[in-house]
Amino acid sequence: MFLYIQLGIKRQKEADNIAVYGYIRVSTKEQNEDRQLVALHERNIPEKNIYMDKQSGKDFDRPQYKRLVRRMQKSDLLYIKSIDRLGRNYEEILEQWRLLTKENGIDIVVLDMPLLDTRRGRDLMGTFLADIVLQVLSFVAENERVNIRQRQAEGIAAAKARGVRFGRPPRPLPENFHSAYQRWKEKEITGTTAAKECGMALSTFRYRAAVYENNRLL
């Protein structure tokens, strides 16, 4: 009986020493992190223990994530809303999960996927199932990132085909551009002289002259 009491006291002390953390990531400064914050606050995570990065999840070179990893100790508990908030690179997610759970001894709970809770299923089958789910979800997260890039590229290509222009609008041509252009075309002056008269670099003058000649829009 005494041994059981001692064991119970030891476990309670260990539980009391466990710190609980939360990690939030949004891809851009414009995205809203409220949904993730609400989920973490429902777990009564202290505000000082919630770390947030506002940048892409393509890698783990994020300042707040690094601070979080440095602060967490063995047996601490980390909550994240979903696996793609941890990252979007398949191989790096798996490596970070291994580093945190197996090397650092930290427990992780993915709120949107109850199977990804390292506090449960510590037997061989539980660990096996969690590893499979993690690999599938990590692959899905990275695949979605690849699909987003592809959709963006296809959208830009389609927009360009419709005549949509990207980037900053070109500066208006100087008032003397037409005159300098005509004299340059008739070989009365050199391109260098024409560019100097227009206050442009020679390469810029030739580019604007080519556009001007092709469509007369600039």
Here the residues within segment 55-82 that are within 24 Å of Arg119 (Cβ to Cβ) and under 10 Å from the mean Cα position of the chain (by Cα) are Phe60
Counting only residues in segment 165-198 that are exposed (fewer than 14 other Cβ atoms within 10 Å of the Cβ) and touching a Leu at 6+ places or on another chain (Cβ under 8 Å), the one modelled with the highest pLDDT is identified as Thr192
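Pick out the one residue from Val69, Val109 that is under 22 Å from Ile18 (Cα atoms), touching a Ser or Thr at 6+ places or on another chain (Cβ under 8 Å) and assigned by TED's automatic domain parsing to the domain that holds Ser27.
Working: Val69 fails: touching a Ser or Thr at 6+ places or on another chain (Cβ under 8 Å).
Of Val69, Val109, the one residue that is under 22 Å from Ile18 (Cα atoms), touching a Ser or Thr at 6+ places or on another chain (Cβ under 8 Å) and assigned by TED's automatic domain parsing to the domain that holds Ser27 is Val109.
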Note on Leu3: of the conditions (1) at pLDDT 80 or above; (2) not assigned by TED's automatic domain parsing to the domain that holds Asp131, unmet is (1)
Scanning segment 60-88 for residues that are surrounded by 12 or more Cβ atoms within 10 Å (Cβ to Cβ) and modelled with pLDDT under 90, the one nearest to Asn147 (Cα to Cα) turns out to be Arg88
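The values are calculated or read from the model by the stated rules, or taken from the named source; none is laboratory data. Model, not experiment: these values are computed from the prediction. Quick reminder, even Gly has a Cβ in these numbers, built from the backbone with ideal geometry, and neighbours come from all protein chains shown.
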